[in-house]
1. Taking the options A:432, A:377, name whichever one is within 16 Å of the ligand (Cβ to nearest atom) and free of Cβ contacts under 8 Å to residues at least 60 places away in the same chain.
2. For the list (1) among the charged types (D, E, K, R); (2) within 18 Å of the chain's Cα centre (by Cα); (3) open to solvent by 40 Å² or more (accessible area, probe 1.4 Å), I need the number of the one condition that residue B:3 fails.
3. What's the number of the only condition in (1) under 20 Å from the mean Cα position of the chain (by Cα); (2) open to solvent by 30 Å² or more (accessible area, probe 1.4 Å); (3) not hydroxyl-bearing (Ser, Thr, Tyr) that residue B:71 fails to meet?
4. Look at residue A:249 and say whether it is within 11 Å of the ligand (Cβ to nearest atom), among the aliphatic types (A, V, I, L, M) and either farther than 30 Å from residue A:315 by Cα or surrounded by fewer than 19 Cβ atoms within 10 Å (Cβ to Cβ) (or both).
5. Out of (1) assigned to a loop (DSSP other than H, G, I, E, B); (2) outside the structural domain of residue A:433 (by TED's automatic domain parsing); (3) more than 16 Å from the ligand (Cβ to nearest atom), what's the single condition that is false for residue A:276?
6. I'm checking my understanding of the structure. Among residues of region A:135-151 that are surrounded by fewer than 24 Cβ atoms within 10 Å (Cβ to Cβ) and small (Gly, Ala, Ser), which one is modelled with the highest pLDDT?
7. With more than 10 Å from the ligand (Cβ to nearest atom) and either in contact (Cβ under 8 Å) with a residue 24 or more places away in the chain or charged (D, E, K, R) (or both) as the only criterion, which of A:575, A:563 stands out?
8. Having 1 or more residues that are farther than 30 Å from residue A:521 by Cα is the bar; report the strands (runs of 3 or more DSSP E) wholly within region A:318-402 that clear it.
Amino acid sequence: MARIGVFICHCGSNIAGVVDIPKVMAAAKELPLVTYVDDPMYTCSETGQAAVREAIVKHGLTRVVVSACSPRMHEVTFRKALAQAGLNPYLLEMANIREQCAWVHGDDKAAATEKAIQLIAMAVAKVARHEPLTPKSVGVTKRALVIGGGIAGIQAALDLGNANIEVVLVEREPTIGGRMAQLDKTFPTLDCSSCILTPRMVEVSQHPKIRLLTYSEVKSVSGFVGNFEVEILQRARKVDMDKCTSCGICWQKCPEKVSSEFDSGMGKRSAIYIPFAQAVPSKPVIDLTHCRYIKFQEWQAAPEATRGKKPMECRICERLCPPQAVDWGQQDQVLKEKFGAIIVATGFQTFDYSVYGEYGGGKLPDVITGLQLERMLSASGPTGGVVQRPSDGAHPKTVVFLSCVGSRDDKVGRPYCSNVCCMYMAKQSILLKEHDPQVQSYVFYIDTRATGKGYEEFSRRAQEEAGTVYLRGRVSKIYQEGKKLVVMGEDSLMGRPVEIAADLVVLATGVEPAAGATELAQKLNIGYDTYGFLMEAHPKLRPVETQTDGIFVAGMAVGPKDVPAAVAHGSAAAVKAVGILSQEKLTTDPGTALVDAAKCVSCFLCEEVCPFNAVERETLRDKRVVARINESLCKGCGLCVSCCRPGAINLKGSTNQQLMAELMALKL
Amino acid sequence: MPKYAYYPGCAVHASARDYAVSAQLVCQALGIELQEIKDWTCCGASSAHPTSHLLGLSLAARNLRLAEEMGLTLTSPCPACTSRLAGARHELRDPAALAEVNDILGKDFGNTVGVEHLLQVLSKGDRALPVKRPLGGLKVAPYYGCLIVRPQKVLGFDHEENPQSLDRLLSAVGAEVVPWGFKTECCGAGMPMARKDMVHKLSGRILAAARSAGAEAVAVACPLCHSNLDMHQGDMKPNPKMPVLYFTQLMGLALGFSAKELLLDTHFTDALALLRGKGLA
Ligand SMILES: Cc1cc2nc3c(=O)[nH]c(=O)nc-3n(C[C@H](O)[C@H](O)[C@H](O)COP(=O)(O)OP(=O)(O)OC[C@H]3O[C@@H](n4cnc5c(N)ncnc54)[C@H](O)[C@@H]3O)c2cc1C
């Protein structure tokens, strides 16, 4: 026979100020199997916990109900107290008479008291049917996977490597560096982006604990915290990385020039290329869609009737390569790796502004994006740091910036603030002035958001030192008039329309998640919001965790962020991963679902509803295939329990029988 | 055969006869029947709605009810009428407003009638156009004006900032549509009586932009835009001398009607010389 102790917490006046404690105690004493009732002032305090421990020992209690606050708050505390008193920690039940009674029914004390009595009766009925549970433990693969080699991913990989943990860094592009590598100088200190970034990139490539896989993507993910199995697709570079000496002859001599992605279309690259001079690794890749030899091979393979003029066979890179590193036979490879934790730092891309018809819809050549200007400002960029108009190469003197293009605009489905544009517009207008004192910049803004450290001062510097004119208002139209772009807008502070004849217009296009982020999130089984930004487990208190244990997120992939924030985020994610990877074994919550194989009818509806892929199929000796729950993956959400038609699944610690008992205890 | 309850509105009925006639001819050629609403009255525009909001709403509702009785979707060649009527329909989704208006109408109006501008009707789907005389690359700037696509919430037609329906229609009849930035800019609207100077400035700018975009003519779909752009050119300095044609006139030419039938000889700014030069008149 169970001997149940009930502890009714005053929580100072939080509960006792509303709920009639003596009345609740009297009612609790009458409940079946209750042998002891107490009312500590603060049950969670050390004295309160001691009272619980002592009562367990002295009165031989075998089950405990703490009626106090939410189990989210203190369930762990009281489980520990039970364990210290020698009781299985899972023989505890909490009745939440603070949030659910005192706080919400403060205006009706009698009702609050009555509800508290009922909640305790339910908890008593449930706890009587508790079984002792033991957490399971699983081993940990002490390796981490970092997906995305922008500054956030680089930071995470370095922190993990320095903590002596083996890391694989997977980057989709031929080089790491991310968007930061494309920037000229960085706000608010104007230090050169490459100068601070490239040493980190080199550190990654030389770190004994870090293995870099560029031109690679995650293909599939299975397993669970401590034991993920990941397939990584490494695309063929057609260049033997071991033989290549990065001499550069191939990319200088390749005759096929195409628009450079790294230069945001402002410059050209060859078909065999490294994205930029400081790329890591500095080994080229052959772009198969543009390579002439590949086109020649396609021509050869095509049926005679359909193929056109014979293209040049080319192969210049192959012929000129001193160490003969070009390898046409190289194929895509799939690597299978095991990891204990995963960090996702896939970053962002900028908004495609062609939906803005009023800004020329992408058809006006001298309307460019912030990233494109960034490339032109860069001394190592396609124009050698000279800003030029794409239409005629002329040097612009009047430059107009438009903020919030694809940010804070419901019409294009982007109501959020992109966080970095206000600051990079200020930065770019300062840099334009530094490059040429005759340049006059105008910024059309909604608000200037300069909330970081040193940001407000920086933004004032743009206005006061660089003479940038800030106009509050949206631009309604940009049109070409001769060589000028006429920008029509409103100065909403002066309440009048303004028109500026500009040489160059820069759109501060907002940020959005990198292409493919949601597909990756689906493979990893982590959440994302309506825009595709990855979801944190809690926006304030668990900013790098996800709802899948062992998978962490960092950087712009989670939401708009500047470099300092992305770096901090990367480090935070690394620390959280270390928290797992430094363990020998991980214990798992035993409150998982359990299938009664005898009752299972093999419909596998549970498999379909399980958000955590925890349902597996098991073949019994009689050849029947039934569902089985992988306890390491199961989060105890109970979806499978409620959808199981024959009632074959139960949640340990919250069984169907227990829920029924709770309902029966409820007196309506 | 698609059938519509046709609401011409005062301007198309009286001053923009060229628009009315060409619209009728084009619809006939395309097998679209326009059944004029019997006893239609003012849509509630101009002086009505500033005088009393309820008056404006009730006038619009009266015409909507007549169309509803015909069991047809209402169409009007006038963007102002369309805007008033569609706006009223939008506002009358509120049951209290509908009850109030029904009280005034003395009839049961269900507010179930559809409202579409003629451009929306003609640009629907991929209707095959029986083109007899393609416009041979006549360079046209499609001018939509302020109301045809606005407000989106009420009309849900095309795009507010860079509409395309007229562009597509004109290309389909063989015109070369020039890209330009003034598709929905203000022409001066109802201001020519009070502020001629303003109309000259605003309309003048539209015409100049069309010219610098390489257009030989401007196509319009609104009687008010037409009068502002066409009638005042003589008073503008310099005189833009830019033919302004209703889109239905351009379509009509391509469908084989003569310039005379389409009343192309009635404009203030001569369009015939241009059309003759292209072998279209
Ligand atoms: C015009 C402009 C100017 C800016 N100026 C400044 C400034 O001056 N100061 C400042 O602090 N911030 C600035 N920023 C913001 C800064 O760029 C970002 O804060 C920073 O780049 C975020 O780093 P990240 O690592 O999170 O993302 P990213 O830099 O986007 O890196 C993500 C990486 O992940 C890779 N990746 C994406 N998907 C996958 C996948 N599925 N698999 C593998 N790899 C993948 C990408 O190729 C990329 O290398 C600016 C931004 C813009 C647009």
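The values are calculated or read from the model by the stated rules, or taken from the named source; none is laboratory data. Keep in mind that what you see is a predicted model, and the values were worked out from it rather than measured. For neighbour counting, all protein chains shown are included, and Cβ atoms are generated from backbone atoms with ideal geometry for every residue, glycine included. We work out accessible area using only protein heavy atoms, side chains counted, and drop any ligands, DNA or RNA first. Shrake-Rupley method; radii C 1.70, N 1.55, O 1.52, S 1.80 Å.
1. A:432
2. It is condition (2) that residue B:3 fails.
3. Result: residue B:71 fails condition (1) only.
4. So residue A:249 fails the test.
5. If we test residue A:276 against (1) assigned to a loop (DSSP other than H, G, I, E, B); (2) outside the structural domain of residue A:433 (by TED's automatic domain parsing); (3) more than 16 Å from the ligand (Cβ to nearest atom), just (3) comes out false.
6. The qualifying residue modelled with the highest pLDDT is A:139.
7. A:575
8. The qualifying strands (runs of 3 or more DSSP E) are A:367-369.
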